[in-house]
């Protein structure tokens with residue numbers, strides 16, 4: 001979401017075959033018969049708040065429970081043309097299966113002839129990218145807090161055999177209390193275990209680990225490299241590696257990393273260890289990697305249990321005037337005219353029949369308010 005000036009190297013591996021547990025999924029037959037439990041008609045489109053290569057993100061309001069959500073809309077023809085089907089299914093599966101304080105929550109998914117839709121919690125504090133761009137750089141207090149929460153969420157993902165593969169400021173949101181929420185799992189990979197090697201070349205050039213480019217196989221240690229790149233950018237205001245053209249020169253990785261004099265010695269040491277070219281020696285890697293990170297002197301004053309339980313006050317708390325306040329979102333989108341299904345062609349179907357995504361539709365089983373809304377909706381249709 002938001003202003004993204006960084007280009008991704010698209011993943012092309014389509015070999016992963018995921019068996020889906022359909023316990024809480026809407027049955028394909030219901031879709032075929034048009035018995036959609038949730039549809040676009042259940043939402044008022046309020047604003048366009050983000051845009052990607054094949055997706056748009058809208059601020060929406062449910063017409064029955066009157067709650068505000070983010071709606072991510074993806075274009076089926078583009079997904080098929082670029083062979084991104086498995087990525088979308090991966091994202092849908094991962095978001096529906098995982099529940100953690102620092103992950104964005106998925107409420108439901110549905111589809112129509114041309115689009116796939118994710119209904120997600122609206123994270124009103126905006127992207128970390130927005131705040132970093134506005135402040136130019138963060139001090140140690142902010143950097144330490146955000147990096148520490150990211151360590152917790154990455155450890156959670158790794159324990160669940162997930163490699164995230166796309167750590168960057170645009171994918172880190174701030175909630176109303178100032179805590180992070182990680183979003184966008186389009187490049188994530190579900191692995192069989194910690195020793196499984198992955199060979200797909202994907203990621204965002206500024207943050208991509210060298211072993212991904214070398215195509216020799218990699219594991220979840222690539223996420224710790226990306227975290228080191230992000231930490232450098234937070235403290236310096238500019239990325240460590242300048243791959244703005246999207247082309248990656250692997251010789252850049254081999255050069256000695258010279259860190260600015262204004263970085264603290266603890267910060268320098270942590271970044272250097274996160275950016276170790278040897279994945280096995282990289283801080284965070286291995287069976288004891290999480291503990292090694294927590295015990296680094298940069299985090300010596302952090303109580304990790306309190307951090308995970310959100311008992312530590314964030315260094316910045318968003319100031320929100322009302323539930324629709326979008327001050328922390330890119331003005332390029334927010335200042336556009338109000339979006340409706342009538343004036344946004346991408347929200348109108350052209351009666352084209354596109355491949356149905358079996359088991360894509362989803363309803364969060366723990367969300368009582370959304371389930372009540374759907375029950376009401378079904379009552380209305382009787």
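Structure data summary
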item: Search result, residues across the stretch 248-261 that are in a loop (DSSP other than H, G, I, E, B) and without any contact (Cβ under 8 Å) to a residue 24 or more places away in the chain; result: 249, 255, 256, 257, 258, 261
item: Number of the condition not met by residue 89 [criteria: (1) within 15 Å of the chain's Cα centre (by Cα); (2) buried (at least 20 other Cβ atoms within 10 Å of the Cβ); (3) over 27 Å from residue 328 (Cα atoms)]; result: (2)
item: Test: residue in the stretch 324-332 that is assigned to a helix (DSSP H, G or I), touching a strand residue (DSSP E or B) at 6+ places or on another chain (Cβ under 6 Å), under 22 Å from residue 128 (Cβ atoms) and not assigned by TED's automatic domain parsing to the domain that holds residue 216; result: no
item: Of all residues in the stretch 212-221 being at pLDDT below 95 and part of a helix (DSSP H, G or I), the one that is surrounded by the fewest Cβ atoms within 10 Å (Cβ to Cβ); result: 214
item: Residue that is farthest from the chain's Cα centre (by Cα) [pool: residues in the stretch 262-294 that are surrounded by fewer than 12 Cβ atoms within 10 Å (Cβ to Cβ) and outside any helix (DSSP H, G or I)]; result: 262
item: Among residues of the stretch 121-150, those that are part of a helix (DSSP H, G or I) and either in contact with a helix residue (DSSP H, G or I) (Cβ under 7 Å, 6 or more places away or on another chain) or closer than 25 Å to residue 302 by Cα (or both), counted; result: 16
item: Criterion: touching a helix residue (DSSP H, G or I) at 6+ places or on another chain (Cβ under 6 Å), surrounded by fewer than 23 Cβ atoms within 10 Å (Cβ to Cβ) and not assigned by TED's automatic domain parsing to the domain that holds residue 91 - qualifying residue of 184, 175; result: 184
item: Index of the failed condition, residue 153 passing every other in (1) in contact with a strand residue (DSSP E or B) (Cβ under 7 Å, 6 or more places away or on another chain); (2) without any contact (Cβ under 8 Å) to a residue 60 or more places away in the chain; (3) not in a helix (DSSP H, G or I); result: (3)
item: Count of residues meeting criterion [at pLDDT below 75 and either surrounded by fewer than 10 Cβ atoms within 10 Å (Cβ to Cβ) or under 22 Å from the mean Cα position of the chain (by Cα) (or both)] in the stretch 309-368; result: 10
item: Test for residue 118: is it surrounded by 19 or more Cβ atoms within 10 Å (Cβ to Cβ) and in a helix (DSSP H, G or I); result: no
item: Residue in the stretch 222-244 that is in contact with a strand residue (DSSP E or B) (Cβ under 8 Å, 6 or more places away or on another chain), assigned to a strand (DSSP E or B), in the same structural domain as residue 149 (by TED's automatic domain parsing) and at pLDDT 90 or above present; result: no
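For (1) buried (at least 21 other Cβ atoms within 10 Å of the Cβ); (2) out of contact with any strand residue (DSSP E or B) (no Cβ under 6 Å at 6 or more places or on another chain); (3) under 20 Å from residue 335 (Cα atoms), each residue gets a yes or a no:
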| residue | (1), (2), (3) |
| --- | --- |
| 47 | no, no, yes |
| 56 | yes, no, yes |
| 66 | no, yes, no |
| 72 | yes, no, yes |
| 82 | no, yes, no |
| 94 | yes, yes, no |
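A quick yes/no check of all residues on (1) over 28 Å from residue 327 (Cα atoms); (2) outside the structural domain of residue 260 (by TED's automatic domain parsing); (3) without any contact (Cβ under 8 Å) to a residue 40 or more places away in the chain; (4) within 17 Å of the chain's Cα centre (by Cα):
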site	(1), (2), (3), (4)
100	no, yes, no, yes
109	no, yes, no, yes
112	yes, yes, no, no
149	no, no, no, yes
160	yes, no, no, yes
167	no, no, no, yes
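The values are calculated or read from the model by the stated rules, or taken from the named source; none is laboratory data. Only a predicted model underlies this, so the values are computations on that prediction, with no experimental measurement involved. We place every Cβ from the backbone using ideal geometry, glycine too, and count neighbours over all the protein chains shown.
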